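Here the structure is laid out as structure tokens; the discussion comes afterwards.
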Amino acid sequence: MSRISIVGTGNMARALGRRALAGGNAVEIIGRDASKVDALAKAIGGATAGTIGAAPAGDMVILAVPYAHAAPLVRQFGNALSGKVIVDITNPFNPDLTGLVAPEGSSAAQEIAKSAPTGAHVVKAFNTVFGHVLAAHTPEDPRPLDVFIAGDDAEAKAQVSVFVESLALRPLDVGDLTSARWLEGTSVLLMRAMLGKAVPSSSFSIGLTVRD
């Protein structure tokens, strides 16, 4: 069993929280709006409610927030995240889905890692699994969803892999944290395909849910 703190109260936080509880994990929901946090914790059943500013109860902290909010939140938590695994599920889409807003040559995960305290490890995961897909998928489905994982610390990735397996999903390690930019680019293509948009040939100089 893993102890998970989910920062966010949107659709992805709901889907992950419900699935995590069903998999036998302890779940804490954290957000700025106490009423939304309480409502989500009650809706998914069995989760506890936390607040921004207090130390997360989980050994693993999942950032289910928009990319623009992720690094500032990590800085706000500060040393309370030391020793924890920070799971970045964000996607830094630009508004028209033609590319990424993370700095060229970097990724959302790498930028978040710059804000993390010493001893914390950032792992990219879940960004290619959209909330409505996860919510509709059941543990009994014979076709497991794949969750790509990227990170620099082997132990942290192993911890995330165990958590992913507890959700009846399949973890796939794709390398170090530099691979996160490829995963984030992949999510742009997936979103464009889902919305039926053509991908401009000039949109990507690199290879490759909506976030809550």
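The values are calculated or read from the model by the stated rules, or taken from the named source; none is laboratory data. This one's a predicted model, so the numbers in the text were calculated from it and none came from an experiment. Please note: Cβ atoms are built from the backbone with ideal geometry, for glycine as well, and neighbour counts cover all protein chains shown. Remember, those area values only see protein heavy atoms, side chains included, never the ligands or the DNA or RNA. Shrake-Rupley method; radii C 1.70, N 1.55, O 1.52, S 1.80 Å.
Annotations
- With θ taken as phi - 60° and the Karplus curve 6.51 cos²θ - 1.76 cosθ + 1.60 applied, the whole-hertz 3J(HN,Hα) list for the range 138-150 is 10, x, 7, 4, x, 9, x, 6, 8, 10, 7, 10, 9 Hz, x standing for glycine and proline.
- Largest-first ellipsoid semi-axes for the range 1-94, taking √(5λ) over the Cα gyration tensor eigenvalues, angstrom: 19, 15, 13
- Here the Karplus curve 6.51 cos²θ - 1.76 cosθ + 1.60, taken at θ = phi - 60°, turns the phi angles of the range 50-55 into couplings of x, 10, 5, x, 8, 5 Hz, with x standing for Gly and Pro.
- Amide hydrogen neighbours beyond the local backbone of Glu28, cut-off 5 Å, H modeled: Ile4, Ser5, Ile6, Thr48
- Hypothetical label at Asp59: residues of the range 77-92 whose amide nitrogen lies under 17 Å (7 Å Cα-Cβ projection): 81-87
- Lys, Arg +1 and Asp, Glu -1 on Cβ, resulting dipole of the chain about Cα centre, debye, nearest 20: 420 debye
- The residues of the range 1-151 expose, per residue, 40 Å² of accessible area to a 1.4 Å probe.
- Accessible area of the chain belonging to carbon and sulfur atoms, whole % at 1.4 Å probe: 54 percent
- Charge dipole of the chain about the Cα centre (unit charges at C-beta), most positive-ward option of Ser166, Ala47, Ala156: Ala47
- Kirkwood hydrodynamic radius over Cα pairs of the range 103-183, then Stokes diffusion coefficient at 25 °C and 0.890 mPa s, in µm²/s: 184 µm²/s
- Candidate residues Thr9, Thr90: accessible-area rank, largest first, probe 1.4 Å: Thr9, Thr90
- Over the C-alpha atoms of the chain, the Rg to Rh ratio, Rh being the Kirkwood estimate, stands at 0.94.
- With θ taken as phi - 60° and the Karplus curve 6.51 cos²θ - 1.76 cosθ + 1.60 applied, the whole-hertz 3J(HN,Hα) list for the range 156-170 is 5, 5, 5, 5, 5, 4, 4, 5, 4, 5, 5, 8, 6, 10, 10 Hz, x standing for glycine and proline.
- For peptides 138-146, 96-104, 13-21, sequence by mean Cβ density within 10 Å, most packed first: 13-21, 96-104, 138-146
- Cut-off under 5 Å, modelled amide H: who pairs with Val123 long-range: Ile86, Val87, Asp88
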